[in-house]
Each structure stands twice: as C-alpha cells, then as structure tokens.
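Undergrad: Pasting in a structure now, in structure tokens, and then I'll have a few things to ask.
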Amino acid sequence: MRSFMTTLLLALCLAGLGVSPTQAQLTGSDTPVELLETSPFGMGARAMGMGQAFIAVGDDLSGIAYNPATISQIRRMEFNLGLTHDNTKHGLRRSGFFETERSDTRIEQIAVAYPHPVYRGALVWGFGFHRMADLTQDIFSRGVVDPNTATEEIEDVVQTGAVNAWTGAAAIELTENLSVGASLSYLSGSRDEDLVLARGIDDPDAGGCPGLAPDEYGLFYGCGDPSEESLYKSVVRREATLDGFTGAVGVLAKFENGVRLGGKIDLPKWMRYQGTTRSSLENYLFTEESDASLFEDDITLPLSVGAGASWAKNGLTLAADLTWTDWSQTDFEGDILVPSPSGREFAYRSVAKINLGAEYFFADFPVQVRGGFFTEPLPYKLIAADGVSSIDPGADNVLGTEDDISSFGRFYPEADIVSDRKFVTLGAGIFIHDRFIVDVAFVTGNWERRTEDGFDAPSGFPTIEEVTQNRLFLTSTLRFD
C-alpha cells in the first residue's frame with residue numbers, strides 16, 4: 001500500500017524523503033519517497049580500507065558482497081566476524097539550524113568459506129550474514145518563521161532499522177585463469193519511524209489564547225481563529241518488518257602479469273515491508289487521530305552492473321571499480337515520479353559509482369596498509385522542503401463543523417546538490433598468526449544539498465541538508481588447515 005493516507009489525508013514525510021523540481025504540494029500516495037535502502041553499507045574491513053574497489057580482488061569472504069566469483073581464490077576454510085561503529089552528523093537548516101549526532105555499534109558480518117575438495121581447479125562455498133543497508137537516521141530542525149507572532153517550524157524525525165542479507169554463494173574455477181560465481185540472499189530487517197512536522201506558536205498570549213497548555217515542543221497550534229490556519233502539527237508513527245531476496249552473478253579473469261579483471265551483476269532487490277501505522281493532525285480547529293492500521297509496501301530496487309580491474313606485484317595491489325545503476329527504475333508500488341505537467345519525470349536518476357584502492361604488504365613485517373577513495377552519488381533528485389496544512393470547509397462551506405476536511409502536505413522541489421557523496425578510506429591488516437588476521441578500516445565522507453534558488457518556500461527560507469559520516473570497521477578472520 002503505497003498510500004499511507006488516513007482520513008486526514010496525511011502525507012508520509014520521511015526525513016530526507018523526497019523532493020521535486022516543481023513547487024507542487026503533495027499528500028499521501030503522491031509523495032516521491034526517498035529510500036535509504038539505496039545506500040549500501042559495505043562489507044569487510046579489508047574491502048572498506050581499499051575504498052570498496054573489490055570486484056577484481058575479493059580473495060577473502062568479503063567477495064560474497066562484491067563479486068561472488070572472487071571467493072574461488074580462497075584456498076583454506078575460513079571464518080570471520082566483523083563489527084562496525086557508525087557516527088553520523090545530520091545538519092538541517094531552514095528557519096533555524098540544528099545538528100543531530102547519532103552513533104551505533106553493531107555486528108556487521110559473520111561468514112564462513114569452505115573450499116570443496118576437487119580433482120582439478122577449485123570449488124568454494126561461502127555463507128554469511130552482513131548488513132546491506134543502514135536505515136537509521138536522526139534529523140531535527142527548529143526555527144522562527146514569523147517573529148511578530150512567535151511562530152516556529154519544527155521537523156523531528158527518528159528512524160531506526162537495517163536491511164540484513166543472509167547469503168549463500170558458490171564459485172568455481174573453470175580454468176586456471178577463469179572463475180565464475182553466483183550468490184542468493186534472503187533479506188530481513190525492520191524499520192521504525194517517528195515523523196513530526198509542525199508550525200506553532202511558542203507564546204499563548206501572542207496568539208490570544210492565554211493559559212493554553214503547550215505540547216512537548218513548547219508550542220500550541222491555535223484556538224479557533226481562522227487567521228491561525230497556517231498552524232499545524234502532523235505526526236506519523238510506523239513500525240514494520242522486512243522480507244525479501246536478491247542475488248548476484250560474477251566472473252573473474254586472472255593474467256600472468258598480475259592483472260585481474262572482474263565483472264558482476266547485482267540482481268534486483270525485492271523487498272516487502274509489513275507493519276502498522278498511526279497518524280494525527282492538529283490545527284486551530286481540532287485534533288484528529290487515526291486508528292492503528294496495517295500496511296504493506298512492496299519495493300523493488302534495480303539491478304547494478306559493475307566492472308573492476310586490479311594489479312598486484314611485489315606486495316603492492318592497485319584496484320579500480322566502476323558500478324552503474326539506473327535508480328529511475330526503482331519501484332515503490334509503481335514508479336516514483338516528480339510532480340510535473342508530463343507526469344513522467346522520475347524522482348531518481350542513474351548514477352555511476354567509482355571506487356579506487358591500494359594495498360601494500362610489507363615483506364619484513366606481518367602488516368598490510370591500505371587506502372582508498374570512492375564516490376556514491378545521491379540517486380534521489382529532490383529534497384523534502386516546507387510542510388503546509390489546509391482546511392476545506394466541506395459541503396456546508398462553513399469552517400468549524402463536522403464537514404471540515406483537514407489535510408497536510410509537503411513541497412518537494414528539485415535539489416541543488418552542492419557536494420555529492422565522496423568518501424576517503426584508510427585501513428590496515430595485522431597477521432597475528434598465519435591463521436588469524438585482524439583488519440581495521442576508517443571511512444569518512446560528507447555531502448550537502450539544498451533547495452534551488454528559484455524555489456519559493458512558504459516559510460521564506462531555503463532547506464539545506466549537511467551530512468557527515470564516519471565509520472569504523474573491525475574484522476577478524478580465522479583460517480583452518
């Protein structure tokens with residue numbers, strides 16, 4: 001059910017959710033949703049330290065996520081366990097500027113590889129769990145939009161959850177220099193959301209309602225004066241669990257001069273969320289709350305095509321990958337479109353991701369050092385801007401009666417991407433023993449987007465998002481004879 005409408009026609013305004021190049025106000029099923037599922041998390045400290053340039057490297061269990069054909073290079077049974085620490089700062093500027101900071105430490109991966117004994121070549125099985133996408137975000141903004149009436153705007157969004165992949169993979173060495181592989185993943189996870197958009201007055205006396213009790217933000221939303229029609233408080237709360245599946249196929253070619261070439265296709269990701277939603281809308285006339293209702297969201301993310309090359313000699317490995325995805329094919333109970341006269345402009349775009357990485361293994365010390373860089377362009381073309389509430393007097397054409405219809409919507413103008421997502425990575429690996437390896441990686445990056453200069457915001461202020469991400473990966477690997 002793509003429409004999250006209640007009897008109040010509330011729009012689902014996921015923080016960072018969507019945006020559109022027109023100034024159309026959207027409600028309910030028209031919302032061009034921004035999906036955090038389009039941002040892959042990455043797997044393995046070694047791969048992350050090399051900027052995820054792993055399509056033509058992947059000679060460890062991280063290959064399950066980057067190119068299943070590469071695990072054919074694993075010669076001994078191995079088990080690994082990975083942890084991550086994720087720190088995200090999200091700044092939102094509109095009528096005011098607030099920056100939220102959120103940190104999480106989680107198990108990032110558990111995986112095992114088993115080289116099957118064969119007479120010639122290699123056959124390797126891989127099984128593992130890893131976090132495919134992080135759905136956690138915390139956004140808050142508050143500022144004065146009208147000093148004369150002490151009117152303030154608030155956006156408060158807390159979302160938690162993740163998409164987890166449980167993967168089985170197999171790779172076979174067809175010849176000494178050519179391997180193919182495939183993987184199949186069951187997707188699970190959850191997503192909980194608390195979404196609040198409000199415009200209220202922080203001084204009851206200024207609004208002519210002395211003694212009125214404020215809400216948890218210290219605001220109130222009018223007391224029956226039609227001049228207060230612009231005041232509102234929209235709340236949407238959702239809880240859902242996820243089921244889905246996806247897969248990948250890959251190929252790896254090796255050459256005598258240390259060059260390896262790889263290619264992969266990540267198949268579409270089919271996901272289904274099932275859960276409950278509650279919503280409410282408060283304005284100067286009344287407060288309405290919807291009963292808890294069940295919903296089901298079917299989402300399909302498009303396939304990705306990637307190619308990579310690596311070169312290794314005298315302990316030095318250099319690698320580069322290019323991955324292309326046409327995100328305009330994202331399906332959320334249908335196409336996700338920008339509101340426009342033609343009605344066929346997509347809210348997503350196709351992007352190409354570039355990964356560069358290097359690794360050096362010291363001959364006299366059991367240590368590897370790594371560095372990398374990668375881009376992860378924002379696939380979403382829009383930005384969630386101002387909310388707006390309206391009241392229709394209904395059939396009797398009189399406000400304040402049972403026929404009144406309240407609605408809440410949001411503007412989704414096209415985003416001006418000031419700085420797209422770019423990340424720098426550093427890493428190291430320590431061979432504590434031939435059988436035990438500890439890898440660590442640090443990944444840092446940022447991005448910024450804002451409403452375009454031509455957008456006429458109801459609040460009179462542009463919307464600006466600034467995000468900084470820092471991630472620490474720690475992976476330990478145990479190898480068996």
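Read-outs throughout are calculated quantities, based only on the coordinates presented, and are distinct from any laboratory measurement. The structure displayed is predicted, hence computed values, not measured ones. Glycine gets a Cβ as well: all are built from the backbone with ideal geometry, and neighbour counts include every protein chain shown.
Undergrad: Among 119, 66, rank each residue by its count of other Cβ atoms within 10 Å, from fewest to most, as a rough exposure measure.
TA: Neighbour counts put them in this order, fewest first: 119, 66.
Undergrad: Roughly how big is the chain's charge dipole about its Cα centre, with Cβ charges of +1 (Lys, Arg) and -1 (Asp, Glu), in debye to the nearest 20?
TA: 3160
Undergrad: Tell me, what is the FRET efficiency for residue 329 and residue 430 to the nearest 0.05, using R0 = 41 angstrom and their Cβ-Cβ distance as r?
TA: Calculated transfer efficiency: 0.45.
Undergrad: Grab the Cα-Cα distance for residue 322 and residue 85, subtract it from 0.36 nm times how many residues apart they are, and report the gain in nm with one decimal.
TA: Between residue 322 and residue 85, full extension yields an extra 82.7 nm.
Undergrad: Something else about it: Per-residue HN-Hα couplings for the range 49-60, Karplus 6.51 cos²θ - 1.76 cosθ + 1.60 at θ = phi - 60°, whole Hz, x for Gly and Pro?
TA: The phi angles translate into x, 9, x, 6, 7, 10, 5, 10, 10, x, 8, 9 Hz.
Undergrad: Compute the signed sum of charges (Lys and Arg +1, Asp and Glu -1) over the other residues within less than 11 Å, Cβ to Cβ, of residue 143.
TA: Taking every other residue near residue 143 into account, the sum is 0.
Undergrad: If each residue of separation counts as 0.36 nm, what is the full-extension length gain between residue 364 and residue 166 once their alpha-carbon separation is subtracted?
TA: 67.5 nm
Undergrad: Moving on to the next point. In whole percent, what relative contact order does the range 32-183 give with Cα contacts below 8 Å and a gap of six or more residues?
TA: 24
Undergrad: While we're looking at this one, here's another question. Given R₀ = 45 Å, what would the calculated FRET efficiency be for residue 340 paired with residue 103, taking r from the Cβ atoms and rounding to 0.05?
TA: The value I calculate is 0.70.
Undergrad: Which is farthest toward the positive dipole end of the chain among 463, 168, 137, measuring Cα position about the Cα centre, with Cβ charges +1 (Lys, Arg) and -1 (Asp, Glu)?
TA: Of the listed residues, the answer is 168.
Undergrad: Could you tell me the largest-minus-smallest coordinate of the C-alpha atoms of the chain on each of the three principal axes, in descending order and whole angstroms?
TA: Largest first, the chain extends 85, 38, 36 Å along its Cα principal axes.
Undergrad: With unit charges on the beta carbon (Lys/Arg positive, Asp/Glu negative), name the residue among 198, 70, 157 whose Cα is farthest towards the positive pole of the charge dipole of the chain.
TA: Value: 70.
Undergrad: State, as an integer percentage, the relative contact order of the chain based on alpha-carbon contacts under 8 Å between residues 6 or more apart.
TA: 20
Undergrad: Right, something else. Please tell me the relative contact order of the range 95-178 in percent, rounded to the nearest whole number, where contacts are Cα pairs under 8 Å and at least six residues apart.
TA: Worked out over the range 95-178, it gives 34 percent.
Undergrad: Continuing with the same structure: Using the structure shown, select from 264/313; 313/422; 89/381; 233/269; 313/353; 269/422 the pairs with a Cα to Cα distance greater than 31 angstrom.
TA: 233/269
Undergrad: Another question about this same structure. Got a sec? How would 160, 167 order by Cβ neighbour count within 10 Å, fewest to most?
TA: Final ranking by Cβ density, sparse to dense: 160, 167.
Undergrad: Same structure, new question: Find which of 428, 230, 413 sits farthest along the positive direction of the dipole of the chain, computed with +1 on the beta-carbon of Lys and Arg, -1 on that of Asp and Glu, about the Cα centre.
TA: Comparing the listed Cα positions along the dipole, 428 ranks first.
Undergrad: Turning to a different aspect of this structure: Going by how many other beta carbons lie within 10 Å of each one, how would you line up 269, 353, fewest first?
TA: With the sparsest Cβ surroundings first, the list reads 353, 269.
Undergrad: Let me ask you something else. First select every other residue whose beta carbon is under 14 angstrom from the beta carbon of residue 413; then total the charges, Lys and Arg +1, Asp and Glu -1.
TA: The answer is -4.
Undergrad: Taking R0 as 25 Å, what's the FRET efficiency between residue 314 and residue 261 from their Cβ-Cβ distance, rounded to 0.05?
TA: It comes out at approximately 0.80.
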